[in-house]
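See below for the structure under consideration.
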Amino acid sequence: MPFVTTDDGVRLYFEEAGTGTPMVFVHEFAGDHRSWEPQIRFFARRYRCIVYSARGYPPSEVPEAGNYSQERVWQDLRCLMDQLNLDKAHLVGLSMGAFACLHFGLHHATQGLASRALSLTLAGCGTGSHPAVYEDFKAQSKVLAHDIETLGAEHLANTYGMGPSRLQFKAKDPRGYDEFNRHLAQHSALGSARTSSGYQGERPSLYALTEQIARINVPTLIMTGDEDEPCLEPSLLLKRTITTSVLAVLPGSGHAINLEEPLLFNQLLADFLAQVREGKNFERPVATRPVSIWGPGGDPRA
């Protein structure tokens, strides 16, 4: 089985398929490397596609007391790219993975470094970020961590996996949803608990990072389902703040949009990548940026 080792000694499992310009896919909290199968089968025809399981997600190593922070997880993405000799790549993330891709881009932008991201795709990004729910989300993530460690991954699948933004997937594609939920029930309880408390429960709010996010200047595709309520406002925040971004809202869709609507997801991503390849200038003209009545935070009450 292929593994890379991070600079703090954690082994991460990865798979790759195809040849060409590299694309790295970074999974969500409820997913793993298998979550990107519809994308790998499609994009490996033209790109070198790489998927991996984050620390805490078997077959990757599950550190007992390792670092599961936001900083560490995006650094793991860097370590993967370093060990696979990827100077640059298109980075595609969903939810937790989108946060990792965003912070990878933030690091290079705020440090004045040449970007290693050819493009960023941030799908389902922002759960728990809005100031109205931020503190409660962090507290709930700690409670969830305790429940997972106490009751196991099957409890996670039967609760978190049945959340309001998952039911759209179940209604549209029962077979696909059942596969997703079976995979979720196979996760490491320890790894999921540590990720929930360390990554989900401690990550900074996007609304506190708008100045840094505004420095990102690589082509960025933001995607969200219109029924993924926790991500709607944060997606608008990202669109307003990253001047080289475009936003796609998938109708009648929840959180796991790459699995729920794989054809539309792949089409939107393929069209975006084609424009990047052709050198399209994604910088939004100043004349098209009137002051939003909602402000960069998306809510005048925030």
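The values are calculated or read from the model by the stated rules, or taken from the named source; none is laboratory data. The structure displayed is predicted, hence computed values, not measured ones. Virtual Cβ from ideal backbone geometry, glycine too; neighbours counted across all protein chains shown.
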**Prompt:** Residues of segment 47-91 being among the aromatic types (Phe, Trp, Tyr) and under 13 Å from residue 27 (Cβ atoms), which ones?
**Reply:** 52, 57
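For (1) under 21 Å from residue 226 (Cα atoms); (2) assigned to a loop (DSSP other than H, G, I, E, B); (3) touching an Asp or Glu at 6+ places or on another chain (Cβ under 7 Å); (4) not charged (D, E, K, R), each residue gets a yes or a no:
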site: 85; (1), (2), (3), (4): no, yes, no, yes
site: 92; (1), (2), (3), (4): yes, no, no, yes
site: 100; (1), (2), (3), (4): no, no, no, yes
site: 106; (1), (2), (3), (4): no, no, no, yes
site: 112; (1), (2), (3), (4): no, yes, no, yes
site: 118; (1), (2), (3), (4): no, no, no, yes
**Complete:** For residue 279, the lone unmet condition from (1) in a loop (DSSP other than H, G, I, E, B); (2) without any contact (Cβ under 8 Å) to a residue 24 or more places away in the chain; (3) within 21 Å of residue 31 (Cα to Cα) is (3)
**Asked** Within segment 5-52, can you find the residues that are surrounded by fewer than 19 Cβ atoms within 10 Å (Cβ to Cβ) and in contact with a Lys or Arg (Cβ under 6 Å, 6 or more places away or on another chain)?
**Response** 5, 18, 19, 20
**Message:** Which pairs turn up if I take residues in segment 108-125 that are surrounded by fewer than 24 Cβ atoms within 10 Å (Cβ to Cβ) and aliphatic (A, V, I, L, M) and look for partners that are modelled with pLDDT of 95 or more and part of a strand (DSSP E or B) with beta carbon separation below 6 Å, at least 6 apart in sequence or on another chain?
**Reply:** 117/91; 118/90
**Residue that is surrounded by the most Cβ atoms within 10 Å (Cβ to Cβ), among those in segment 152-170 that are small (Gly, Ala, Ser) and part of a loop (DSSP other than H, G, I, E, B)** = 165
**Message:** Suppose we filter segment 173-211 for residues that are in a helix (DSSP H, G or I) and within 16 Å of residue 239 (Cβ to Cβ); how many remain?
**Reply:** 3
**Request:** Report, by residue number, each residue of segment 19-76 that is basic (Lys, Arg) and either closer than 18 Å to residue 270 by Cα or not in a loop (DSSP other than H, G, I, E, B) (or both).
**Result:** 34, 41, 45, 46, 48, 72
